[in-house]
1. Out of V267, I184, W131, whose Cα points farthest toward the positive end of the dipole of the chain (charges: +1 Lys, Arg; -1 Asp, Glu; placed on Cβ)?
2. Using a cut-off of under 12 Å, list every residue of the stretch 236-263 whose amide N is near the label point 7 Å from the Cα of T16 along the Cα-to-beta-carbon line.
3. Once each part is reduced to its C-alpha centroid, what is the distance from the stretch 132-156 to the stretch 244-293 in angstrom?
4. Under the Karplus relation 6.51 cos²θ - 1.76 cosθ + 1.60, θ = phi - 60°, what is the ordered set of whole-Hz ³J(HN,Hα) values for the stretch 254-264, x standing for Gly and Pro?
5. Quick check: residue separation of W106 and D230 times 0.36 nm, minus the Cα distance between them. What number comes out in nm?
6. What residues qualify as long-range amide H neighbours of I227, i.e. H under 5 Å apart, gap of 5 or more or another chain, H built at 1.01 Å from N?
7. Taking the Cα centre of the chain as origin, work out the dipole magnitude from +1 charges on Lys and Arg Cβ and -1 charges on Asp and Glu Cβ, in debye rounded to 20.
8. As a footprinting exposure proxy, order Y220, Y107, Y207 by other Cβ within 10 Å, with the fewest listed first.
Amino acid sequence: RAKINIQSVGYDQSNTMQFLEGKQLIGQILSDFPTKGALCFKKMKFSVILDIGCGSGDLTRLIAQLIPHDIIIGIDNDTNMVTFSENNNPTPETISYVCQDISQPWYQLAPELTRLAGQVDLILSNMTLQWVTDIETVCKNFEYLLKPWGAFYLSVMGIKPISISREEQFLKRQKSIAVQMTEIEEILNRDELVVGRSELCHNRCQYSAEEFEAMAPIMYKMYENLINQDEFSKLDKIGQDAVRQEIRNGVLAQYGFDVENEGENYVFGSGKRAWFCYDVFTIEGGKTVGGRS
């Protein structure tokens, strides 16, 4: 997974969209595994829940409030985020945090995780896997961690293709969002994992100017994974800065729009409210018993 190194306080102020998507993911889990009401014949409880890419911990704490459980482990590869989660918010006794890149091979994972092999009831990952470059290893780790019939619920932000000059030279081949979704599904559907449901949605979230401008650098970093470093490294600093600026412009053209002037891109420093327009796909499934027949 790419090293993000986001300022945790700034992220916490600009994660409105992520939190809203996470609430929807929790709602789907509660719909599929009701804990009360006419559809609940016995109290549903997850012994072990993993929150992959827990960020500031806001969603982890909401999971703890809404989903019956014994323990929840929030996992993030950014030490700043983990420290922020532990130190700046009241944390229920059932929650612990681990600083870990979940895309590392199994034998390199923290013992707090490897000791859970075959014991995890639920893996939830909200708006995180778009940062990961090695999805295959992540999915294999999910397979090792989940118990038979354990479930996974994933929401992934689609990376919209952007346009820059000399695109073929300085950017890796960009994929449509539908292709991104299909590729993750195909990887999940190998061996003992199976996808039960998937959906692609086009959403938007309104931000203040301050919130949007705090979030924009995070989006720029997501596109740094697409830079063709072999060609990019041949440029001098001026040339590299020019390519980075084109990427920033391309990102704003795809994601940021003026609330007051529908259809017009957001202008940095304008002080106006902004629409953040994005695509998200949700993928839900579980681990089969004894592999596929």
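Any read-out appearing in this document is the output of simple, stated calculations on the displayed coordinates, not a laboratory observation. The structure presented is a predicted model; accordingly, all values stated were derived computationally and were not measured. Cβ placement follows ideal geometry from the backbone for every residue including glycine, while neighbour counts extend to all protein chains displayed.
1. I184
2. 259
3. 23
4. Computed from phi, the couplings for the stretch 254-264 are 8, 10, x, 9, 6, 5, 6, 10, 3, x, 8 Hz.
5. On the way: separation 124, 0.36 × 124 = 44.64 nm, distance 2.95 nm.
Stretched fully, the W106-D230 segment lengthens by 41.7 nm.
6. K172
7. Values: 28 positive and 39 negative charges, 126 e Å.
Here the size comes out at about 600 debye.
8. Details: Y220 16, Y107 6, Y207 21.
Ascending number of Cβ neighbours within 10 Å: Y107, Y220, Y207.
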